[in-house]
Amino acid sequence: MNALGTTGLNRAKERNASERGHAPVFVLGCPRSGTTLLYDMLLSAGGFAVYLAESNVFNLLGPRFGDLTVRANRERLLEAWLGSKLYRASGLDARRIREHVLQDCRNAGDFLRVVMGEICALQGVPRWAENSPEAMLYLPAIKQLIPEALIIHIIRDGRDVASSLGRLRYVRPFPWEDLYSVTGCGLYWEWILRRGRRFGERAGNDYMEVRFEKLLAQPQETLDEIGRFIAQPLDYETIRRIGYGSVTKPNTSFSTHDPNIVFNPVGRWKKSFSPKGLALFERMVGKTLQELGYPLATEAANIPDSLSLKATRLLHRAFFAGKFWYKNDPAVRLLRPVLTAREIDEIVLAEDHPPIIRQPAERSS
């Protein structure tokens, strides 16, 4: 290749890196896997719009308000959104955002671009991120509507995830299961994780996986890997100093007011399971844990499945898939009541009255 060709190739690489360095970043994964922490770390690093909320655009607003090419649907979406914490966390002017959405929004991707683009303009930063965990189930739609999106799938030990989800009663068990059953939580973790990884394979170089445990144990090394992926350096000391959201205030279901107890969210499952419960859990999802490199505490995963265990897996997976279908089927949507601002506030994670947001500090070189 001649010198002119080499120069042209280098310029193309620089242009691609620059474009990647402005692309939106989606931090996704099973709920309670550390998505909020990593998202808040990105915001604290600088260069991202500071929006202390899970937008829930793809997994809640989009499915509930349907075809946004219809102006009446955009009007209903705005009425609910502008009355919710999601709007109050944005710091945006209601009249301006209303005009922009009514004029330029035709789908969920447009709505998210409009809102986050306005926040970027307000704060004077070049890019934005999103962290609604269950948007992982909508990854094909995300990549279709926002093709440049970069996806970070954060993965955590399913036993810790299930322990946390069980405390929150996040996965509603069947009537014959224990009220705080972690079995359903574990199967949900496995279901959404496998779907996310399968979707991620199609995203190619725009998808990466991060382990929650490594992020805590080796923060700068992990952030360097993420920084190369998103084409933006991430400095851990800057992140600690700025400390937005859960970087300073851990988002945990295992809260304690004892100052002598050091916060450590890794391996808490060891105190959450009974021996019998742990053996059953590892029989259910042990193979997935092993595939991910998480060592098992029992030999249960090597025991051949019984008919009842196979039926339990199939029943839960069918239940999760059925709920997803019910949530997104256009015909069913017509029968559901309009989503209200109050209902949004009961679902979302957002700072209701955020502080005045100043320009983020420059990142360390």
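Every number here is computed from the coordinates shown, using simple stated rules; none is lab data. The model shown is predicted, which means the values in this text are computed figures rather than measured ones. Methodologically, a virtual Cβ is constructed for each residue, glycine included, from the backbone with ideal geometry; neighbour enumeration extends over all protein chains shown.
Calculate one ³J(HN,Hα) per residue across segment 182-187 by plugging θ = phi - 60° into the Karplus curve 6.51 cos²θ - 1.76 cosθ + 1.60, and present them in order as whole Hz with x for glycine and proline.
8, 4, x, 5, x, 5
With only Lys, Arg, Asp and Glu charged, each at its Cβ (+1 for the first two, -1 for the last two), find how big the charge dipole of the chain is about the Cα centre; round to the nearest 20 debye.
With Lys and Arg at +1 and Asp and Glu at -1, about 600 debye.
Using a Gaussian network for the chain with springs between C-alpha atoms less than 10 Å apart, which of these wobbles most: ARG228, ARG96, ARG333?
Of ARG228, ARG96, ARG333, the Gaussian network model singles out ARG96 as fluctuating most.
Go ahead and collect, in residue order, the members of segment 86-112 whose backbone nitrogen is under 16 Å from a label point 7 Å along the Cα-Cβ direction of GLU148.
109-112
Compute the long axis of helix 275-291 from its Cα atoms, compare it with the longest principal axis of the Cα atoms of the chain, and write down the angle in degrees, 0 to 90, nearest 10.
Computed tilt is about 50 degrees.
What aspartates and glutamates could a cross-link reach from LYS270, if we take a straight Cα to Cα line under 16 Å and drop same-chain neighbours fewer than 8 places away?
Those aspartates and glutamates meeting the cut-off are ASP157, ASP160, GLU213, GLU282, GLU299.
Among bridges DSSP assigns within the chain, what percent are antiparallel (round to 5)?
10 percent
Through the Karplus equation 6.51 cos²θ - 1.76 cosθ + 1.60, θ set to phi - 60°, convert the phi angles of segment 81-95 into ³J(HN,Hα) values in whole Hz; use x for Gly and Pro.
Coupling constants for segment 81-95: 5, 5, x, 10, 5, 4, 6, 4, 6, 7, x, 8, 7, 4, 5 Hz.
Compute the signed sum of charges (Lys and Arg +1, Asp and Glu -1) over the other residues within less than 11 Å, Cβ to Cβ, of ASP67.
Charge balance near ASP67 sits at +4.
Sorted from fewest to most neighbouring beta carbons within 10 Å, what does the list ARG88, ARG32, ARG127 look like?
Result, fewest neighbours first: ARG88, ARG127, ARG32.
Which of the lysines could a cross-linker bridge to LYS271, judged by Cα under 29 Å and excluding same-chain residues fewer than eight apart?
Leaving aside lysines fewer than 8 places away in the same chain, those within reach of LYS271 are LYS214, LYS249, LYS287, LYS310.
Only helical DSSP H runs with n ≥ 4 go in: add -39500 (n - 2.57) per run for the chain, normalise by residue count and round the 222 nm mean residue ellipticity to 500 deg cm²/dmol. Intermediate values should be presented prior to the final figure.
On the way: 17 runs with 190 residues, N = 365.
Dividing the helical sum by the residues of the chain leaves -16000 deg cm²/dmol.
Taking R0 as 35 Å, what's the FRET efficiency between LYS310 and ALA331 from their Cβ-Cβ distance, rounded to 0.05?
Working: r = 32 Å, r/R0 = 0.91.
After rounding to 0.05, the efficiency reads 0.65.
Quick one: what are the phi-derived ³J(HN,Hα) couplings along segment 133-146, Karplus 6.51/-1.76/1.60 with θ = phi - 60°, whole Hz, x for glycine and proline?
Result, ordered by residue: x, 6, 5, 3, 5, 10, 4, x, 5, 4, 6, 6, 8, 10 Hz.
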